[in-house]
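*Asks:* Let me give you the structure first, and then I'll get to my questions.
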Amino acid sequence: MDNIFAAHKQQETKGNLSKTIDSVQSLIDLLQTTRDHVAADPSMSALHLAKLQTPVKQSFTKLEEDLKEVNKGMNAYQKALKDKFKTASLPTSTNEVLNEKEDLVNRAIAMHLLREGKFNVARTFVKEVSAKAPPVSEDSEETIDVDMETGQPLNNTRSWIEDLADADDVMIDGMEAVADGELERSGLQKKFTDMYHILDSLRNQHNLEPAIEWARQHSFELENRGSNLEFELARLKFVELYTTEDIMADDPFAGPLRALEYARETFPAFNNRYARETSSLLGSLAFSPELGTSPYKPFFHNSSSFEEASASFTREFCGMLGLSSQSPLYTAVTAGGIALPILEKVERVMAQARGQWTSVNELPVETPLPPGFAFHSIFVCPVSKEQATDANPPMMLPCGHVIARESLDMHSKGKSRMKCPYCPNESHPREAKRVYI
Amino acid sequence: MAELTTTKLDPDNHLLLDQPLLRLPNELLRKNLKTAQRHIEQTNKNVTKDVQAAVGQQPDQALASLEATLAKAQNLKRKLEQLHAEEQSLQRQQRLRIEHLQQLHEIPSLADVKYDTWSHTRLDRLLVDYLLRQGYTQSARELAAEKNINDLVDVDVFEDCGRIEKSLLDGRTQECLSWCSENKQALKKINSNLELELRLQQFIELARSGDVKNQVDAIVHARKHLAGGQDTEFGLRAGGLLAHPPDTLVEPYRMMYSPERYIHLARQFVKTHHELFSLPSQPLLHIALSAGLSALKTPSCHSEYALQANANTGAPVCPICSTELNELARNVPYAHHTKSYMEDDPVVLPNGRVFGRERLKRLNEKLGTDPGKIKDPTDMETEWDERELKKVYIS
């Protein structure tokens with residue numbers, strides 16, 4: 001990286017056209033002087049012009065040299081790049097799957113944008129996709145085939161776009177549309193609309209009410225999940241009431257008083273879990289109105305608190321829907337970034353050895369990821385070293401050892417009793433039991 | 001044997017996806033320089049000629065031509081100043097990009113929170129790249145602006161490319177031809193026959209109309225542009241085409257008359273364009289995403305029986321199982337593992353489900369199961385005696 005920096009620096013200071021421009025300027029000066037001489041003394045014009053020939057030629061030689069310098073800088077930079085990025089190619093083998101599924105990729109992106117709270121971008125995106133939507137693809141026959149066989153793919157396209165476009169209307173029409181549309185919408189579509197609406201209020205308008213309402217409705221589930229979202233929102237509300245200036249009331253304590261009232265109504269419900277936090281919040285009342293210098297400053301002057309609450313809300317909302325909390329697109333692309341160098345290397349080595357990976361279902365190498373990226377338990381049969389699948393599930397022998405069914409079948413072939421491969425215990429193959437890992 | 005998990009960050013390998021980020025500005029700078037060179041050469045020729053001619057002229061004529069020459073030099077300066085401004089903005093962009101990649105070198109490990117931030121920015125870059133390539137330009141612009149990554153993405157380059165691509169799809173070759181002449185040298189270097197294909201298309205249009213005057217024009221056109229000697233094939237095909245009317249069924253002439261040729265041309269243009277600017281032919285998002293889908297996918301993700309981590313277990317939902325990606329990942333291979341990955345102290349319930357003992361206990365406490373009893377938290381249907389739990393050995 002240092003080399004690239006250096007080469008770039010070189011380019012910035014030396015490898016640019018400023019010198020060339022200076023040279024052109026001196027050419028202009030030269031021409032200008034000659035012109036002035038000729039104008040002043042026309043009788044000598046032939047002499048002046050004759051004298052001009054060589055310097056003009058030199059100027060242009062100089063210009064070309066200037067350019068060469070720029071070019072040199074560019075080559076040096078390119079060389080630095082080449083040293084840095086030794087492999088120019090990117091792995092290609094697995095991408096084709098995605099090329100055929102543009103629609104699903106688009107859907108994933110639209111959902112990702114919503115999650116990120118980029119509502120405007122999402123809206124533009126949905127608009128642009130649906131403008132392009134009736135896809136007059138080159139192999140349209142094939143598309144129709146798929147459609148007739150399953151009735152699925154094309155319908156899917158339309159429905160997610162409509163889903164999100166609906167969500168869009170809700171954004172524009174506000175609460176009424178939510179109430180009106182309640183009956184027609186269902187499933188994910190409706191839920192996304194809700195999330196869209198609540199998040200928009202929370203993040204963009206700093207309106208806590210819809211989120212608090214939602215949290216209250218799902219209070220029980222939230223507690224089961226061990227979430228403190230409801231309390232976080234109540235705390236934000238407390239702070240909001242505390243600090244909002246009321247124009248009507250000239251009492252400087254109007255804010256804190258309203259906050260106190262809110263606390264009396266709401267906080268008892270949290271007493272079990274958050275006794276410490278609630279009492280600390282109430283303690284802040286003693287410092288009003290000099291909060292800026294009080295120990296409570298971080299509670300009250302925290303610009304990112306709405307962002308945090310939005311993130312927390314998104315996490316809980318998605319969790320309850322069975323959607324992962326981090327954007328799957330983000331997780332997958334990050335994992336891809338980590339795994340890619342390994343896959344690239346494999347592809348390179350395979351190409352050299354003219355080998356071919358025969359199993360299309362499984363990657364040829366391990367692609368280690370950071371610990372947070374493991375979401376399922378994984379069972380690898382200790383006998384065959386294969387991962388268990390629906391077709392080859394894990395089987396537990398009476399002794400408690402687990403092997404894959406294919407291994408079990410091989411091991412017990414033609415025998416009525418078999419010994420466990422890992423302990424002295426003997427059992428009948430029929431006694432092995434399917435387990436779900 | 002490779003490690004099961006890793007937090008090691010090797011920035012040099014990690015930047016595999018990010019080469020175009022640094023290569024593209026360099027290509028653009030080079031193009032800028034080539035333009036400057038062209039301007040200088042042209043002015044050189046004109047000025048030298050003028051000055052030489054002026055020597056033998058009358059004084060007032062000489063004065064006039066000197067002034068004209070002066071104007072040419074000043075014009076050159078103006079053009080160079082424009083190019084210089086462009087150059088400076090490109091170099092500034094280049095610096096920002098280098099700095100962005102440098103950030104990665106300063107991150108100690110994949111578990112670092114800074115890596116998370118960096119990776120988010122990368123995702124945004126890849127998304128903008130994807131949107132641009134698919135022609136969702138407005139979305140791309142908005143996303144880049146909202147995420148403040150305008151200097152890390154190449155909206156203008158792709159927009160230009162999209163404009164020319166569209167002009168071809170609409171049946172116009174002019175825009176693309178002028179692009180070809182702007183990049184003449186570079187195209188020659190990569191042995192592209194894009195320009196020949198376009199000239200042939202012009203020829204086809206002339207031949208299509210059928211009247212004699214146009215046919216003659218077509219021949220003149222072919223002599224001028226298709227007989228250049230690079231590839232005699234084009235001249236031959238053009239000659240053959242003249243012998244066939246537009247409604248011919250004879251191949252390859254039927255294909256040549258077909259309007260679908262424009263689709264083919266558009267595709268070839270995009271391919272050539274990306275090659276010229278060192279852009280990968282596929283969206284980077286596809287490359288990263290398909291690798292990621294595979295690296296994360298397990299046989300459980302599309303299994304009918306596998307334990308679905310639902311709300312009751314409180315486990316994070318797998319991104320591949322999540323609605324967004326599930327269908328997309330159906331046909332990609334799953335990750336390769338050589339070791340089982342299990343919670344500590346696994347036990348099996350009478351219904352065959354395996355859990356870590358600690359977690360199962362914790363979940364049951366949360367669900368309010370009576371002491372000494374146990375339920376499967378995923379369905380909560382049956383209640384068993386705790387003694388029915390059986391230790392299971394998974395190696």
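Laboratory data are not the source of any read-out in this text; all were calculated from the coordinates shown. Predicted model, so just to flag it, every value in this text is computed and none were measured. Every residue, glycine among them, receives a Cβ derived from its backbone with ideal geometry; neighbour counts consider all protein chains shown.
*Asks:* Can you give the net charge of the other residues whose Cβ lies under 12 Å from the Cβ of A:Trp214, counting K and R as +1 and D and E as -1? Can you show the working numbers first?
*Replies:* On the way: positive: A:Lys191, A:Arg216; negative: A:Asp194, A:Glu209, A:Glu213, A:Glu221, A:Glu230, A:Glu316.
Within the 12 Å Cβ shell, the charges total -4.
*Asks:* Compute the FRET efficiency between A:Leu47 and B:Leu169 as 1/(1 + (r/R0)^6), taking r as their Cβ-Cβ distance and R0 = 60 Å, and round to the nearest 0.05. Write down the numbers at each step before the final one.
*Replies:* Numbers: r = 62 Å, r/R0 = 1.03.
The pair A:Leu47/B:Leu169 has a calculated efficiency of 0.45.
*Asks:* I'd like to know which of B:Val51, B:Ala144, B:Ile107 lies farthest towards the positive end of the charge dipole of the stretch B:28-168, counting +1 on Cβ of Lys and Arg and -1 on Cβ of Asp and Glu.
*Replies:* B:Val51
*Asks:* Neighbour counts of other C-beta atoms within 10 Å: give me B:Val250, B:Val153 arranged from fewest to most. Provide the component values of the computation, followed by the final result.
*Replies:* Details: B:Val250 11, B:Val153 24.
Ordered from fewest to most neighbouring Cβ atoms within 10 Å, B:Val250, B:Val153 come out as B:Val250, B:Val153.
*Asks:* So if I take the alpha carbon set of the stretch B:1-77, get Rg, then get Rh from the Kirkwood formula, what is the Rg over Rh ratio? Could the numbers behind the result be given before it?
*Replies:* On the way: Rg = 26.8 Å, Rh = 17.1 Å.
My calculation puts Rg/Rh at 1.56.
*Asks:* So what's the stretch B:35-133 giving for Cα Rg divided by 2.2 N^0.38 Å, two decimals?
*Replies:* Values: Rg = 25.4 Å, N = 99, 2.2 N^0.38 = 12.6 Å.
Here the Cα radius of gyration is 2.01 times the empirical estimate.
*Asks:* Working out 0.36 nm times the residue gap between B:Gln61 and B:Glu381, then minus their Cα-Cα distance, what length gain in nm do you get to one decimal?
*Replies:* Gain on extension, B:Gln61 to B:Glu381, equals 104.6 nm.
*Asks:* Work out the length of the dipole vector of the stretch B:105-211 about its Cα centre, built from +1 on the beta-carbon of each Lys and Arg and -1 on the beta-carbon of each Asp and Glu, and round it to the nearest 20 debye.
*Replies:* 320 debye
*Asks:* Run the simple label-point estimate for A:Tyr422 and A:Ala275 please: 7 Å along Cα→C-beta, distance reported in nm.
*Replies:* 4.7 nm
*Asks:* Moving on to the next point. Please report, in whole Å, how far the alpha carbons of the stretch B:113-249 spread along each principal axis, starting with the longest.
*Replies:* 70, 30, 25 Å, listed from the longest principal axis down.
*Asks:* Over the stretch B:19-174, what relative contact order in percent results from Cα pairs under 8 Å that are six or more residues apart?
*Replies:* On the way: 87 pairs, mean separation 32.4, N = 156.
Value for the stretch B:19-174: 21 percent.
*Asks:* Still on this structure, I have one more. Tell me, what HN-Hα J-couplings in whole Hz come from the Karplus equation 6.51 cos²θ - 1.76 cosθ + 1.60 at θ = phi - 60° for each residue of the stretch A:42-58, using x for Gly and Pro?
*Replies:* Each residue's phi maps through the Karplus curve to give x, 5, 8, 4, 4, 5, 4, 5, 4, 5, 6, 3, 5, x, 4, 4, 4 Hz.
*Asks:* What Rg and what Dmax come out for the stretch B:324-363 when only alpha-carbon atoms are used, in angstroms?
*Replies:* Both quantities, over Cα of the stretch B:324-363: 14.8, 37 Å.
*Asks:* State the dimensionless ratio Rg/Rh of the stretch B:247-395 (Rg: radius of gyration of Cα atoms; Rh: Kirkwood radius). Mind showing how you got there, number by number?
*Replies:* Details: Rg = 26.5 Å, Rh = 20.2 Å.
Computed over Cα atoms, the ratio is 1.31.
*Asks:* Quick one: in the stretch B:319-394, what % of C-alpha pairs are over 18 Å apart? Please list the in-between numbers first.
*Replies:* Numbers: 1500 of 2850 pairs.
Tail of P(r) above 18 Å: 53 percent of Cα pairs.
*Asks:* Using Cβ contacts closer than 10 Å as the measure, can you line up A:Ile338, A:Ile109 from fewest to most?
*Replies:* Values: A:Ile338 28, A:Ile109 24.
The order, fewest Cβ neighbours first, is A:Ile109, A:Ile338.
*Asks:* For the pairs B:Lys45/B:Lys188; A:Lys68/B:Lys224; A:Lys82/B:Lys45; B:Lys366/B:Lys390, flag any whose C-alpha to C-alpha distance is greater than 31 Å.
*Replies:* Details: B:Lys45/B:Lys188 24 Å; A:Lys68/B:Lys224 34 Å; A:Lys82/B:Lys45 36 Å; B:Lys366/B:Lys390 22 Å.
Exceeds cut-off: A:Lys68/B:Lys224; A:Lys82/B:Lys45.
*Asks:* If each DSSP helix of 4+ residues adds -39,500 (n - 2.57) and the sum is divided by the residues in chain B, what number results at 222 nm, nearest 500 deg cm²/dmol? Mind dumping the intermediate values first?
*Replies:* Working: 16 runs with 241 residues, N = 395.
Per the formula, -20000 deg cm²/dmol.
*Asks:* Now for a different question. Of B:Leu28, B:Gln61, B:His84, which is farthest towards the positive pole of the stretch B:1-123's charge dipole, taken about the Cα centre with +1 and -1 on the beta-carbons of Lys, Arg and Asp, Glu respectively?
*Replies:* B:Gln61
*Asks:* Once amide H atoms are placed 1.01 Å from N in the peptide plane, what residues at a sequence separation of 5 or more from A:Lys433, or on another chain, have their amide H within under 5 Å of its amide H?
*Replies:* A:Met396, A:Leu397
*Asks:* So, one more: Suppose a student asked you for the relative contact order of the stretch B:104-158, using Cα pairs under 8 Å spaced at least 6 residues apart; what percent would you report? Intermediate results must be reported in sequence, preceding the final value.
*Replies:* Values: 35 pairs, mean separation 16.0, N = 55.
For the stretch B:104-158, the relative contact order is 29 percent.
*Asks:* Where a ≥ b ≥ c are the square roots of the eigenvalues of the C-alpha gyration tensor, would you call the stretch A:310-437 rounded, which needs a/c under 1.5, or, failing that, prolate if a/b is larger than b/c, or oblate?
*Replies:* Details: a/c = 3.42, a/b = 1.44, b/c = 2.37.
Taking the square roots of the gyration eigenvalues as a ≥ b ≥ c, the stretch A:310-437 is oblate.
*Asks:* Evaluated at 37 °C with a viscosity of 0.692 mPa s, what Stokes-Einstein diffusion coefficient in µm²/s does chain B have when Rh comes from the Kirkwood expression over alpha-carbon pairs? Write down the numbers at each step before the final one.
*Replies:* Numbers: Rh = 27.6 Å.
Using the Kirkwood radius from Cα pairs, D works out to 119 µm²/s.
*Asks:* Listed highest first by mean packing, meaning other Cβ atoms within 10 Å per residue, what order do B:22-34, B:371-383 come in?
*Replies:* My ranking of the peptides, most packed first, is B:22-34, B:371-383.
*Asks:* Separation between the A:Leu282 and A:Thr54 pseudo-spin-labels, each 7 Å from Cα along Cα→Cβ, expressed in nm?
*Replies:* 10.0 nm
*Asks:* I've got another one for you. Can you give the angle from 0 to 90° between the axis of helix B:194-209 and the longest principal axis of chain B, with both taken from C-alpha atoms, to the nearest 10?
*Replies:* Roughly 70 degrees between the two axes.
*Asks:* Given the pairs A:Lys101/B:Lys8; A:Lys433/B:Lys375; A:Lys84/A:Lys345; B:Lys297/B:Lys339; A:Lys14/B:Lys79; B:Lys49/B:Lys79, which span a C-alpha to C-alpha distance of over 22 angstrom in this model? Intermediate values should be presented prior to the final figure.
*Replies:* Working: A:Lys101/B:Lys8 33 Å; A:Lys433/B:Lys375 19 Å; A:Lys84/A:Lys345 16 Å; B:Lys297/B:Lys339 15 Å; A:Lys14/B:Lys79 20 Å; B:Lys49/B:Lys79 20 Å.
As for pairs spanning more than 22 Å Cα to Cα, those are A:Lys101/B:Lys8.
*Asks:* Tell me the trypsin sites (Lys or Arg not before Pro) within the stretch A:372-417 that lie in a loop according to DSSP and have at most 15 other beta-carbon atoms within 10 Å.
*Replies:* On the way: sites: A:Lys385, A:Arg405, A:Lys413, A:Lys415, A:Arg417; in loops: A:Lys385, A:Lys413, A:Lys415, A:Arg417.
For trypsin sites (Lys or Arg not before Pro) across the stretch A:372-417 that sit outside H, G, I, E and B with at most 15 neighbouring Cβ atoms in 10 Å, the list reads A:Lys385, A:Lys413, A:Lys415, A:Arg417.
*Asks:* Measure nothing but the geometry: give the 0 to 90° angle between the long axis through the Cα atoms of B:284-296 and the longest principal axis through the Cα atoms of chain B, rounded to 10°.
*Replies:* 20 degrees
*Asks:* Considering the Cα positions of the stretch B:116-175, please state its Rg to one decimal place and its Dmax as a whole number of Å.
*Replies:* Computed over the Cα atoms of the stretch B:116-175, radius of gyration and Dmax are 13.3, 46 Å.
*Asks:* Counting only C-alpha contacts under 8 Å and six or more residues apart, can you give the relative contact order of chain B as a whole percent?
*Replies:* Values: 340 pairs, mean separation 50.3, N = 395.
With pairs under 8 Å counted, the relative contact order is 13 percent.
*Asks:* What ranking do A:Lys127, B:Lys8 get, fewest neighbouring Cβ atoms within 10 angstrom at the top? Walk me through the numbers before you get to the answer.
*Replies:* Working: A:Lys127 17, B:Lys8 13.
Sorted ascending by nearby Cβ count, the order is B:Lys8, A:Lys127.
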